[in-house]
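Reviewing the structure listed below.
The values are calculated or read from the model by the stated rules, or taken from the named source; none is laboratory data. Not measured: the values here are computed from a predicted model. So basically every Cβ, Gly included, is an ideal-geometry build from the backbone, and we count neighbours across all protein chains shown.
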Amino acid sequence: MKKIKSIIFTYSIILLFVLCGCNSKNLGDKLTIFEGDRLEDRVIVYCTGYSFGSCKAGIYVVPTYEKHYDEKGNYAEYVETAKSNKKWIIAKTIQINDNKENYWIISKDFSLENVDCNKVSCDSIIQSHVTGALNYQEFTAKTKELGINLKFEK
């Protein structure tokens with residue numbers, strides 16, 4: 001079942017970004033922000049497919065596929081902003097219905113280079129390196145604890 005879900009997620013990402021002609025912003029280590037025609041399209045993915053040097057397909061990282069859309073298929077949460085360095089990504093997402101801000105920390109200390117995602121849950125590997133959703137106070141404390149010197153622009 002997990003294998004089927006992973007395949008569906010990957011193909012839905014491909015379809016979404018082929019249809020909307022999306023751009024991408026490289027955050028390093030195959031992690032990318034997909035940016036579509038709408039603000040609500042923005043998600044961070046682990047790139048699994050490239051075309052003309054740009055990421056065109058990937059596995060949802062933040063928000064997850066289940067959080068990006070609600071049960072009716074409408075946008076539910078999207079990435080407002082993200083920053084990265086060699087080791088970390090910090091991100092802020094917005095939940096659309098209540099305009100709630102969530103904060104995320106993604107460690108880049110993993111690779112799926114030699115992993116067969118048809119045999120292993122790559123989504124689980126990725127999510128084990130994601131901390132969140134956090135409120136602003138929790139996020140600030142955790143970034144300080146981990147020595148992360150990234151800040152969002154105001």
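Yes/no per residue for (1) closer than 18 Å to GLN127 by Cα; (2) within 11 Å of the chain's Cα centre (by Cα); (3) among the β-branched types (Val, Ile, Thr):
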residue	(1), (2), (3)
VAL45	yes, yes, yes
PHE52	no, no, no
VAL62	yes, yes, yes
HIS68	yes, yes, no
GLU71	no, no, no
VAL115	yes, no, yes
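Does LYS3 satisfy the criteria of being among the basic types (Lys, Arg), surrounded by 13 or more Cβ atoms within 10 Å (Cβ to Cβ) and either assigned to a strand (DSSP E or B) or modelled with pLDDT under 90 (or both)?
Against the criterion (among the basic types (Lys, Arg), surrounded by 13 or more Cβ atoms within 10 Å (Cβ to Cβ) and either assigned to a strand (DSSP E or B) or modelled with pLDDT under 90 (or both)), LYS3 does not qualify.
For TYR78, which of the numbered conditions (1) surrounded by fewer than 19 Cβ atoms within 10 Å (Cβ to Cβ); (2) more than 23 Å from LYS144 (Cα to Cα) fails to hold?
Result: TYR78 passes all but (1).
Of the residues ILE126, ILE94, ILE90, ILE105, which single one is under 21 Å from LYS30 (Cα atoms), out of contact with any helix residue (DSSP H, G or I) (no Cβ under 8 Å at 6 or more places or on another chain) and not in a loop (DSSP other than H, G, I, E, B)?
Details: ILE94 fails: under 21 Å from LYS30 (Cα atoms); ILE90 fails: out of contact with any helix residue (DSSP H, G or I) (no Cβ under 8 Å at 6 or more places or on another chain); ILE105 fails: out of contact with any helix residue (DSSP H, G or I) (no Cβ under 8 Å at 6 or more places or on another chain).
Answer to the selection: ILE126.
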